[in-house]
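Below is one structure, written out as structure tokens; comments come after it.
Only the coordinates and a few stated rules stand behind these numbers; no lab work does. On a predicted model such as this, the values are computed, not experimentally measured, just so you know. All Cβ positions, even for glycine, are placed from backbone atoms using ideal geometry, and neighbour counts span all protein chains on display.
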Amino acid sequence: MLLGALQMCSSMDAAENLRTIEGACAKAKSAGVRYLQVPEMAVMFAEDHAGLKQFIEHGVDAALTKLGEIAKQHQLYLHIGSVPVAGQNGKCLNRAFLFGPDGQQIAHYDKIHLFDADVDGDAPYRESRNFDAGDRAVVADIDGVKLGLSICYDLRFPQLFATLRHAGAQILSVPAAFTVPTGQAHWESLLRARAIETGCYLVAAAQGGHHANGRKTYGHSMIVDPWGKVVATCTQASDGLIVAPFDVERVNDARSRIPTLANARDFSLSVNHNGAQ
């Protein structure tokens, strides 16, 4: 199976973003890609409440219909890193969608960990102002291979990836829109660590560039193998497609060499256990 990741610099024009995704699907299909991932907020890069609400009310249903048609036309698994959908109490959910080669939705995943952080050199982020958190880990099937779903900030929470691994994941997905400062500091290290810890391939399609709303994202989309080797990366700032083969034997080999699942042990937390009783 050939894996693909599309780097984008998505705008707040859904039609433009859909054309970019459709063009990438055609290119990916011609290259033999079976699974193509696109970044977080690929279809609409709105971050303010008004822009999100307008897209949800007037654009999201048509966009999802179009994405299903694109997946069917090009006969591939199309993983949309995230799309804002209606949540509760006036907030949104940051939801990933996986479409099959028949155009049907196979799975969806709501981002669990919301990016509420103060980044040095950037404006404060409060994702929870507009979004509710998901509460369910998801593993989907692509041609008999198990795909674990995550989104962006989830990358910093290894317990989620351990859960996906325990549930049988062989490929991990991390569609993202990392900030430039955090991307420069942590992006590659975290991606490689999650792949190594789990013995999984990891596909990370990223937003990259200077967006119309003023936001800058880091890019550097990557595919990492189960030994932690970066087997494909997009170093340019603009849109770009990267591909790499999935080899189940490399998964099996990495896990047999360092069998972390078999070696794992339960333990209790006892702070100051050497102190006075």
Phi to ³J(HN,Hα) by Karplus 6.51 cos²θ - 1.76 cosθ + 1.60 over the range 132-140, Hz, x for Gly, Pro: 8, 8, x, 9, 9, 6, 9, 10, 10
Counted charge near Ser128, where neighbours are those whose Cβ lies closer than 12 Å (Asp, Glu -1; Lys, Arg +1): +1
³J(HN,Hα), Karplus 6.51/-1.76/1.60, whole Hz, each residue of the range 161-174, x for Gly, Pro: 6, 5, 4, 4, 4, 4, 7, x, 4, 10, 10, 10, 10, 9
Amide H contacts of Val174 (H built 1.01 Å from N, under 5 Å, at least 5 apart or other chain): Val203, Ala204, Ala205
Ordering of 69-77, 246-254 by packing [mean C-beta count within 10 Å, highest first]: 69-77, 246-254
Distance-filtered residues of the range 166-191 - backbone nitrogen under 20 Å, label point 7 angstrom along Thr260 Cα→Cβ: 166-175, 186-191
Translational D in µm²/s for the range 2-262 (Stokes-Einstein at 4 °C, 1.567 mPa s, Kirkwood Rh from C-alpha pairs): 72
Asp247-Asp102 FRET efficiency (beta carbon distance; Förster radius 25 Å; 0.05 resolution): 0.45
Derived scalar couplings ³J(HN,Hα) [the range 141-149; Karplus, 6.51 cos²θ - 1.76 cosθ + 1.60; whole Hz; x for Gly, Pro]: 10, 10, 6, x, 9, 8, 10, x, 9
Choice from Arg95, Arg257, Arg192 with maximal GNM fluctuation in the chain (Cα, 10 Å cutoff): Arg257
Theoretical gain in end-to-end length, Asp61 to Glu22 [0.36 nm per residue, Cα-Cα removed]: 12.4 nm
CD proxy at 222 nm, helix term only [per DSSP H run n ≥ 4: -39500 (n - 2.57); per residue of the chain; nearest 500]: -8500 deg cm²/dmol
Residue of Phe178, Phe267, Phe115 that the Gaussian network model of the chain assigns the largest fluctuation, springs spanning Cα pairs under 10 Å: Phe267
Stokes-Einstein translational diffusion, the range 128-277 - Kirkwood Rh over all Cα pairs, 1.306 mPa s, 10 °C, in µm²/s: 95
